[in-house]
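Asks: Next up is a structure, given as structure tokens.
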Amino acid sequence: MGQVVINVNDRSFSMECADGEEDHLTELAKLLDTQVREIKSGVGEVGDIRLLVMAGLIIADQLSEALERVEELSGEIRGAHKTGTDAIEQTKQREAAAADRIEAAAKRLEQVSRTARQS
């Protein structure tokens, strides 16, 4: 089990994490600390718990917006995929129709050729 010391609002906290996750946890703590400092600079000292709750809510809101955007983009990707699939199907149908017309034209040319030879 990994262990890392993080700093939030000028306080140190010893945290355990999965091995190899130390750097990630440190980055998350920096994100939280940055948010706490921004709130603190805007509203002043309101108490550690309130600062952390406010920071957590702001980060949760950002996450919620990001998840909504991911869902929107996923929908757009699904739509583009369907459009591409539909276009491929239409192309196949048009190719088959063109092949049928070419085959019919070839048969007519054969008939005209036979008729011309018989005359």
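The values are calculated or read from the model by the stated rules, or taken from the named source; none is laboratory data. Because the structure is predicted, anything quoted here is derived from the model rather than measured. All Cβ positions, glycine included, derive from the backbone under ideal geometry; neighbour counts span all protein chains shown. Just the protein is used for accessible areas: all its heavy atoms, side chains included, with ligands, DNA and RNA removed. Shrake-Rupley method; radii C 1.70, N 1.55, O 1.52, S 1.80 Å.
Asks: Could I get the Rg over Rh figure for the chain? Both from C-alpha atoms, Rh via Kirkwood, rounded to two places.
Replies: 1.62
Asks: Oh, and also: Any idea what the relative contact order of the chain is, in percent, if you count C-alpha pairs under 8 Å spaced at least 6 apart?
Replies: Over the chain, the number comes to 14 percent.
Asks: May I ask you to give the solvent-accessible area per residue for the chain, in square angstrom, as obtained with a 1.4 angstrom probe?
Replies: Per-residue value: 79 Å².
Asks: For every helix of n ≥ 4 consecutive DSSP H residues, a contribution of -39,500 (n - 2.57) applies; sum these over the chain, divide by its total residues, and give [θ] at 222 nm rounded to the nearest 500 deg cm²/dmol.
Replies: The helix-only estimate for the chain comes to -29000 deg cm²/dmol at 222 nm.
Asks: Restrict the search to the range 1-108; then list the GluC sites (Glu not before Pro) that DSSP places in a loop and that have at most 16 other Cβ atoms within 10 Å of their Cβ.
Replies: E21, E45
Asks: Relative to the present Cα-Cα distance, how much length would full extension add between A66 and T34 at 0.36 nm per residue of separation?
Replies: Here the segment from A66 to T34 would lengthen by 9.7 nm.
Asks: I want to check the label-to-label distance for K92 and N9. Put each point 7 Å from Cα in the C-beta direction and report it in nm to one decimal.
Replies: 6.0
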